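Engineer: The following block contains the structure, expressed as C-alpha cells.
Readers should treat all values here as calculations from the given coordinates under stated rules, not as data from a laboratory. All values derive from a computational prediction rather than experimental measurement. Backbone-built Cβ (ideal geometry, glycine too); neighbour counts: all protein chains shown.
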Amino acid sequence: MTQVTLIQAINQGLRQAMKTDPDVVLMGEDIGVNGGVFRATDGLYKEFGEARVIDTPLSENGIVGMAIGMALYGLKPVAEIQFMDFIYPAFDQIVNEAAKFRYRSGGQFPCHVVIRTPFGGGIRGGLYHSQSTEQLFASTPGLKVVIPSTPADAKGLLLTAIHDEEDPVIFLEPKRIYRTATGEVPEGDHRIPFGKARVVKEGSDVTVVSYGAMVPQSLQAVNAVEKMGVHAELIDLRTLVPLDYETVLRSVEKTGRAVIVHEASKFAGFGAELSAIISERALYHLKAPILRIAGYDTPFPYALENLYLPSVDRIARGIERTATAT
C-alpha cells in the first residue's frame, strides 16, 4: 500500500495497465511530452514511447473516432478529453457510434473504449472549464459512467474499465480533489467491480447519496450533524451506470429519509433519476420528502463558484431539515 493523491492513483492505474497489456494505448491533447494538463500521464510517454502515448491534434471528434477504430480492431484505447467541457464535439461519436456498436453488431463488435475526462468545479475555471453533465451520458444506453472519489477507487475502477468491460466507459475524474484526496492505494493489479457502491459512513436517521467531489463535502456535513444528534448514512455511488440499486434502497428502507447531493445543475440532473428510483421502489418506507442538494440551473459562474457548489453548510442544513421533516 502506498499513500498517494487521486491524480497519482490514476497515473498508477494507467502505468499498471500499460505494463500488463501491450494493447493498451493512450491518446489525447498534450498527454505525451507534457504529461497532460493535470499531469495524469506524467512519465508515461518516456516509459512507453510515442506509439502508445499519442499526442493528438486539438480535435475531440478525431480523438474519440480514432479510439473507436482502434477498439474495433482489438486494441484497448484510453482517450483523454482535456476538460469535460470540451467533450461535445465528440458527442456524436460517443452517443451514436461507441455506445451502439455492440448492439448494432449483435455482440460481434464490442467497442472497448475508455474516455477519461476531468469534470466539475472547484478550480475557478468558470463556465467553460467546470461543467458537470454526467447525466447526458448516464441516460445513453450502451455507455457506462464511472466517478471515483478516492485514490484507491480511482485506480481500481480505472483498471476495471480498461480490462474488464466490453462497453465504452466514460470515466469522470473530479478535478477539485485531484490533489486534495489522498489515501492508501494497493499496488499492482487492483480492481474494483462496477455497480458496487461504497458505504462511507453508517447511520440510522438519514441516507445521503453522493459521488465524486461531493463525497468528501458530504462526509464533512454528516460529521457535523452527528454532533447535533443526527446520524446520517453516507453512500458513494462510484458508478452511475451500472447503478447499485440494492445498497441505496436498503439504506433508504432503514432510515426512511433521503438526501441526494451532486454539483451538476438540479433540473434533470442525476439526482432526479435517483429520486424517481427511490419513489418507485421505496415510497412506503419514506417518512419525509426526498431532498436534492445540487448546483443551480445556470451556467457555471466564475466569481460565485463557492455559492454555486453545494457547501458543507448547505448540505448539513439539508440533512438536518430532512431528519426532522414529516
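Engineer: How many angstrom separate the Cα center of region 220-271 from the Cα center of region 124-198?
Structural biologist: Taking the Cα centre of each part, region 220-271 and region 124-198 sit 18 Å apart.
Engineer: Taking θ as phi - 60°, what are the ³J(HN,Hα) couplings along region 199-212 by the Karplus curve (6.51, -1.76, 1.60), each to the nearest whole Hz, with x for Gly and Pro?
Structural biologist: The phi angles translate into 7, 6, 8, 7, x, 10, 9, 8, 9, 10, 10, 8, 6, x Hz.
Engineer: Additional query: Measuring from label point to label point, each 7 Å out along Cα→Cβ, what is the Gln108 to Lys227 span in nm?
Structural biologist: Taking the simple label geometry, Gln108 and Lys227 are separated by 6.4 nm.
Engineer: Okay, moving on. Order the peptides 237-248, 289-300 from the highest to the lowest mean number of other Cβ atoms within 10 Å of their residues.
Structural biologist: On the way: 237-248: 20.4, 289-300: 18.2.
Ranking the peptides 237-248, 289-300 by packing returns 237-248, 289-300.
Engineer: I would also like to ask the following. Using a 10 Å cut-off on Cβ atoms, rank the peptides 211-219, 249-257 from the highest mean neighbour count down.
Structural biologist: Numbers: 211-219: 26.6, 249-257: 20.1.
With the highest mean Cβ count within 10 Å placed first, the list reads 211-219, 249-257.
Engineer: Take the chain, compute every pairwise Cα distance, and split them into 20 Å bins from 0; I just need the percent in each bin.
Structural biologist: 33, 57, 10, 0
Engineer: Right, next: So what are the ³J(HN,Hα) numbers for region 214-231, from phi and the Karplus equation (6.51, -1.76, 1.60; θ = phi - 60°), rounded to whole Hz, Gly and Pro as x?
Structural biologist: For region 214-231, the Karplus-derived couplings read 7, 5, x, 4, 5, 5, 4, 5, 4, 5, 5, 6, 4, 5, 9, x, 9, 9 Hz, x marking Gly and Pro.
Engineer: From the helices alone, meaning DSSP H stretches of at least four residues, give me the mean residue ellipticity at 222 nm for the chain, per-run term -39500 (n - 2.57), in deg cm²/dmol to the nearest 500.
Structural biologist: Details: 11 runs with 109 residues, N = 326.
Mean residue ellipticity at 222 nm (helix-derived): -10000 deg cm²/dmol.
Engineer: Please sort 25-34, 103-112 by packing, taking for each peptide the average over its residues of neighbouring beta carbons within 10 angstrom, highest first.
Structural biologist: Numbers: 25-34: 20.0, 103-112: 14.2.
Order by mean packing, descending: 25-34, 103-112.
Engineer: Continuing with this model, one more query. Name the lysines eligible as straight-distance cross-link partners of Lys196: C-alpha to C-alpha under 17 Å, and not fewer than 8 places from it in the same chain.
Structural biologist: Those lysines meeting the cut-off are Lys144, Lys155.
Engineer: Could you give the length gained by full extension between Glu305 and Asn96, i.e. 0.36 nm per residue of separation minus their alpha carbon distance, to one decimal place? The partial results should precede the final answer.
Structural biologist: On the way: separation 209, 0.36 × 209 = 75.24 nm, distance 3.33 nm.
Roughly 71.9 nm would be gained on extension.
Engineer: I need the fraction of alpha carbon pairs in region 198-324 separated by more than 26 Å, rounded to a whole percent. Working shown, then result.
Structural biologist: Details: 1061 of 8001 pairs.
In whole percent, the long-distance tail amounts to 13.
Engineer: Over the chain, what is the percentage of antiparallel beta bridges among all DSSP beta bridges, to the nearest 5?
Structural biologist: Just about 20 percent of them are antiparallel.
Engineer: Also, I was wondering about something else. For Ala258, which sequence-distant residues (separation of 5 or more, or a different chain) have an amide H within less than 5 Å of its own amide H, given hydrogens modelled in the peptide plane?
Structural biologist: Those qualifying (amide H under 5 Å, at least 5 residues apart or on another chain) are Thr207, Leu291.
Engineer: Right, next: Tell me which aspartates and glutamates have Cα within less than 18 Å of Lys287's Cα, excluding those fewer than 8 residues away on the same chain?
Structural biologist: Asp205, Glu233, Glu253, Glu320
Engineer: Stretch Ala272-Thr2 to full length: gain in nm at 0.36 nm per residue minus the Cα-Cα span?
Structural biologist: Numbers: separation 270, 0.36 × 270 = 97.20 nm, distance 3.76 nm.
Computed gain between Ala272 and Thr2 is 93.4 nm.
Engineer: Quick one: which residues, 5+ away or cross-chain, put their amide H under 5 Å from the amide H of Gly195? H built at 1.01 Å from N.
Structural biologist: Excluding prolines and chain starts, which carry no amide H, the hits are Thr239.
Engineer: Taking θ as phi - 60°, what are the ³J(HN,Hα) couplings along region 155-170 by the Karplus curve (6.51, -1.76, 1.60), each to the nearest whole Hz, with x for Gly and Pro?
Structural biologist: 5, x, 6, 5, 5, 5, 4, 6, 9, 9, 9, 8, 7, x, 10, 8
Engineer: Related question: Within region 198-324, what percent of beta bridges assigned by DSSP are antiparallel, to the nearest 5?
Structural biologist: Working: 3 of 15 bridges.
Antiparallel bridges: around 20 percent, rounded to the nearest 5.
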